[in-house]
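Here the structure is laid out as structure tokens; the discussion comes afterwards.
The values are calculated or read from the model by the stated rules, or taken from the named source; none is laboratory data. Treat the numbers as computed from the prediction; the structure is a model and nothing was measured. When we count neighbours, we look across all protein chains shown, and the Cβ atoms used for this are built from the backbone with ideal geometry, even at glycine. Note: accessible area is taken over every heavy atom of the protein model, side chains too, but ligands, DNA and RNA are not part of it. Shrake-Rupley method; radii C 1.70, N 1.55, O 1.52, S 1.80 Å.
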Amino acid sequence: MYYDTYFGGNKFVGEEALWIKGKPYWSMNYAGRVTGENFSGDFLKEALLLVPADKPFRGPEHYENDGYAYDYRVDGDFTWFQGYETICYQGKQIYECYFHGSVIE
């Protein structure tokens with residue numbers, strides 16, 4: 001079972017969790033904010049749908065479309081990690097989000 005909670009708008013927090021056979025297996029927390037004009041939730045969703053299988057945390061390391069650029073960096077792997085993502089519009093940062101998580105033992 002997969003569960004995703006999300007609260008807020010321009011400043012937000014959330015948690016994703018994964019259960020396997022009824023036991024909690026993995027979780028990730030995130031907190032972010034809009035920091036500038038022209039933020040597009042649609043662009044963020046577009047980037048997040050491109051999540052790579054080998055790093056299933058947020059989106060791809062870099063993605064651009066229509067003046068928007070999504071970037072993220074992560075330290076660690078699926079079992080223990082922390083990261084940071086940004087969106088820039090026409091070269092100016094307009095969004096940031098911190099995330100961290102791990103396998104649950």
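Restricting the stretch 24-53 to residues that are without any contact (Cβ under 8 Å) to a residue 12 or more places away in the chain and more than 15 Å from I87 (Cβ to Cβ), which is least open to solvent (accessible area, probe 1.4 Å)?
Only one residue tops the list, namely P52.
Do we find a residue being in contact with a Leu (Cβ under 7 Å, 6 or more places away or on another chain) and over 15 Å from V103 (Cβ atoms) anywhere in the stretch 61-69? Write out each step before concluding.
Keep residues of the stretch 61-69 that are in contact with a Leu (Cβ under 7 Å, 6 or more places away or on another chain), which gives 63.
Pick out the ones that are also over 15 Å from V103 (Cβ atoms) and you get 63.
Taking every residue of the stretch 61-69 in turn, at least one turns out to be in contact with a Leu (Cβ under 7 Å, 6 or more places away or on another chain) and over 15 Å from V103 (Cβ atoms).
Yes or no: G91 small (G, A, S) and either touching a Pro at 6+ places or on another chain (Cβ under 8 Å) or exposed (fewer than 14 other Cβ atoms within 10 Å of the Cβ) (or both)?
Answer is yes for this residue.
So, in the stretch 1-23, how many residues would count as being touching a Lys or Arg at 6+ places or on another chain (Cβ under 8 Å) and open to solvent by 60 Å² or more (accessible area, probe 1.4 Å)?
Of all residues in the stretch 1-23, those touching a Lys or Arg at 6+ places or on another chain (Cβ under 8 Å) come to 10-12.
Of the ones still in play, those that are also open to solvent by 60 Å² or more (accessible area, probe 1.4 Å) are 10-11.
Going through the stretch 1-23 one residue at a time, the tally reaches 2.
Taking the stretch 62-88 on its own, how many of its residues are touching a strand residue (DSSP E or B) at 6+ places or on another chain (Cβ under 9 Å) and surrounded by fewer than 13 Cβ atoms within 10 Å (Cβ to Cβ)?
Of the residues in the stretch 62-88, 7 are touching a strand residue (DSSP E or B) at 6+ places or on another chain (Cβ under 9 Å) and surrounded by fewer than 13 Cβ atoms within 10 Å (Cβ to Cβ).
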